[in-house]
Amino acid sequence: MSESVTENVNPASREKSLSLNEQAYLAFRHKLITLRYKPGEYLNTAQVMDDLAMGRTPINQAIHRLATEGLLQIIPRKGVMVAPLSIDDALELIEVRLVNETLCVELASQKVIDSHIQQLRELNQQIARASESRSREEMMLLDREFHQVLADIAGNSRLSDILSVIHAQAQRFWATTLSNVVHMDEVIAEHNEIIDALESGDTQRAADAARAHIFSFKRALLST
C-alpha cells in the first residue's frame, strides 16, 4: 500500500511534522467520510475530543474547516451536526464532478508517464482485493487515493484542492452504495478504462471514461 494510503487509514498517527490542527482535521474528516459519524447526527465536542484523543482547540479548528467544506453544519444554539445526505445534494455534486474530474483526466493524459500508470494499476489491484474481502473502509480510502493520484498527475494545485473537497463529499454518498457488489466490479473496470486511456495518450477517451465513471456512480446512488 502506498504511503499516503497508509496515512489515511489512520489519520491520527500521521507524521509528527503535521500540526495538531491538521491532525485533528484529518482524523475528524476520516470519521465523517467513512460514516463513523452519521449524516444528521449531532456531535458533542467533548465526545469528539475523546474519540480522537485531541484537545478542544484543534477540534474546534477542525469543526470550522469541515463546515466550510460542507461536511459539518454549525447550528446556532444547538451545536454541530453532521451534514445530512440528500439526493438533491448528490445530483449537484455529480454535476460538479463531471466538469472537474473530466478536466483532471484531460490534463493528466498530457502529463502521465509509465510510473504513474504503474501506480494507478497497483492501487486499482488493491481496490479489487479490498472488494473481495468486503473491506468497505479500505475500499473507500484506496479509491480516494486513486483519484488523488490522478489529481497529482494533472499537476494543477488549485484543481487538486477543489477535487479534494468534492471527493470527501462524494465518498459519503458512495459509502451508501458499497453493499452492491456489482457496482464495485463496475468501479474497478471503470478505473481500468481510465488507466488504459491514459496509457494510450487518448485525451478524448480518458475524458469519456471519467464521465462514464461518474454516471455509473449516479446510477448506483439512485438505485439504493
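Descriptive notes on the structure:
- For the stretch 88-95, putting each phi into the Karplus relation 6.51 cos²θ - 1.76 cosθ + 1.60 with θ = phi - 60° gives couplings of 4, 4, 4, 5, 5, 5, 4, 4 Hz, in residue order, rounded to whole numbers and with x for Gly and Pro.
- Taking all protein chains together and rolling a 1.4 Å probe, Lys31 ends up with roughly 40 Å² accessible.
- Helix 114-132 and the longest principal axis of the C-alpha atoms of the chain enclose an angle of approximately 60°.
- Entry note: the stretch 39-169 has Rg to Rh equal to 1.03, where both radii use alpha-carbon atoms and Rh is the Kirkwood radius.
- Using alpha-carbon coordinates, inclination of helix 136-154 to the longest axis of the chain, degrees: 60
- Of the residues Thr176, Thr224, Thr34, ranked by 1.4 Å probe accessible area with the largest first, the sequence reads Thr224, Thr176, Thr34.
- Cα-based values for the stretch 66-108, radius of gyration first and Dmax second, are 14.4, 46 Å.
- Karplus-derived 3J(HN,Hα), 6.51/-1.76/1.60, for each residue of the stretch 186-200, Hz, glycine and proline x: 5, 4, 5, 5, 5, 4, 4, 5, 4, 4, 4, 5, 5, 5, 7
- In this rough spin-label picture, where each label sits 7 Å from Cα along the Cβ direction, the His64-Arg121 distance is 4.8 nm.
- For the stretch 64-73, 3J(HN,Hα) per residue [Karplus equation, 6.51 cos²θ - 1.76 cosθ + 1.60, θ = phi - 60°, Hz, x = Gly/Pro]: 5, 5, 5, 5, 5, 8, x, 8, 10, 10
- Highest mean first, the peptides 204-217, 143-156 sorted by other C-beta atoms within 10 Å per residue fall in the order 143-156, 204-217.
- Summing Lys and Arg as +1 and Asp and Glu as -1 over all other residues whose Cβ lies under 11 Å from the Cβ of Leu35 gives a net charge of +3.
- Relative contact order for the stretch 19-111: 30 percent, from Cα pairs under 8 Å spaced at least 6 residues apart, divided by residue count.
- Counted charge near Asp196, where neighbours are those whose Cβ lies closer than 14 Å (Asp, Glu -1; Lys, Arg +1): -4
- Selected from Val96, Ile214, Leu72, residue furthest toward positive end of dipole (the chain; charges at beta carbon): Leu72
- Cα gyration tensor category, rounded, prolate or oblate, for the stretch 147-224 with a/c compared to 1.5: oblate
- Calculated [222 nm] ellipticity per residue, helices only, for the chain: -24000 deg cm²/dmol; basis is -39500 (n - 2.57) per DSSP H run with n ≥ 4, divided by all residues, nearest 500.
- Measuring spread by the Cα atoms of the stretch 160-202 yields a radius of gyration and Dmax of 13.0, 34 Å.
The values are calculated or read from the model by the stated rules, or taken from the named source; none is laboratory data. Just so we're clear, the structure is a prediction, and the values are computed from it rather than from any experiment. Positions of Cβ are backbone-derived with ideal geometry, glycine not excepted, and every protein chain shown enters the neighbour counts. These accessible areas exclude ligands, DNA and RNA; they are computed on the full protein's heavy atoms, side chains included. Shrake-Rupley method; radii C 1.70, N 1.55, O 1.52, S 1.80 Å.
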